[in-house]
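Novice: This structure is in structure tokens; I'll ask about it shortly.
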Amino acid sequence: MKERLTILNLYELKAPPDHFARAIDALARRVKAEGDPGVLSYRFFVNASEGTARGVIDYSNPAAWIGHHDIAMGWPEMSALHKVAALSEIVFLGPMTGEIHAWIDASTLSARIRSGYAFAGGFQRQGDQWHE
């Protein structure tokens, strides 16, 4: 569990909530089928009254975060997401490595980054709980 990385994303919607839901559904399907195998879960929630959305992504380790972004950033599904939502904050729960810092520094990412949350304890039940 200490190597696991959970990401909490905050998005500001630029389009109606149903546009976000369609874009993220298409992206999630492609990530599941063709993405980095270190993406363990990929879950998103929309708050229509606030015009925001949240993503909760679990990675097997920090390298999987980089692998996911290296694979998916050029996909049309990712571009479609960027058209309907702006990523405003990323919270790293778990190790944020020098490689992740370097990847972010080389990117055009402008979201607020929060990190420093080390795993303190807990558990996770096993099993594939993919819900569509």
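The values are calculated or read from the model by the stated rules, or taken from the named source; none is laboratory data. In this text the structure is predicted, and so the values were computed from the model without any measurement. Here Cβ is always computed from backbone atoms with ideal geometry, including for glycine, and neighbour counts include all displayed protein chains. Surface areas here come from the heavy atoms of the whole protein model, side chains and all, with no ligands, DNA or RNA. Shrake-Rupley method; radii C 1.70, N 1.55, O 1.52, S 1.80 Å.
Novice: Got a number for carbon plus sulfur as a percent of the chain's accessible area, 1.4 Å probe?
Specialist: Solvent-exposed carbon and sulfur of the chain make up 53 percent of the total.
Novice: At most 16 other Cβ atoms within 10 Å plus a DSSP loop assignment makes a site exposed; report the longest stretch of the chain without any exposed trypsin sites (Lys or Arg not before Pro).
Specialist: By the stated rule (loop sites, at most 16 other Cβ atoms within 10 Å), 15-124.
Novice: Would you kindly find the accessible area of M73, with a 1.4 Å probe and non-protein molecules such as ligands, DNA and RNA excluded, rounding to the nearest 10 Å²?
Specialist: Spelled out: M73, probe radius 1.4 Å, area about 80 Å².
Novice: I need the semi-axes of the equivalent ellipsoid of the chain: take the C-alpha gyration tensor, multiply each eigenvalue by 5, square-root it, list largest first in whole angstrom.
Specialist: After diagonalising the Cα gyration tensor, the semi-axes are 22, 17, 15 Å.
Novice: Figure the gain on full extension for S79 and K2 (residue separation times 0.36 nm, minus the Cα-Cα span) and round it to one decimal in nm.
Specialist: 24.5 nm
Novice: Rounded to the nearest whole Å², what accessible area per residue is found for segment 11-132 with the 1.4 Å probe?
Specialist: Spelled out: the 1.4 Å probe surface of segment 11-132, per residue, equals 59 Å².
Novice: If exposed means no more than 16 neighbouring beta carbons inside 10 Å and the site is in a DSSP loop, what's the longest run of the chain without any exposed chymotrypsin sites (Phe, Trp or Tyr not before Pro)?
Specialist: Longest stretch, sites excluded: 1-118.
Novice: Only sites in a loop by DSSP and with at most 14 other Cβ atoms within 10 Å count here; which GluC sites (Glu not before Pro) in segment 50-130 make the cut?
Specialist: For GluC sites (Glu not before Pro) across segment 50-130 that sit outside H, G, I, E and B with at most 14 neighbouring Cβ atoms in 10 Å, the list reads E50.
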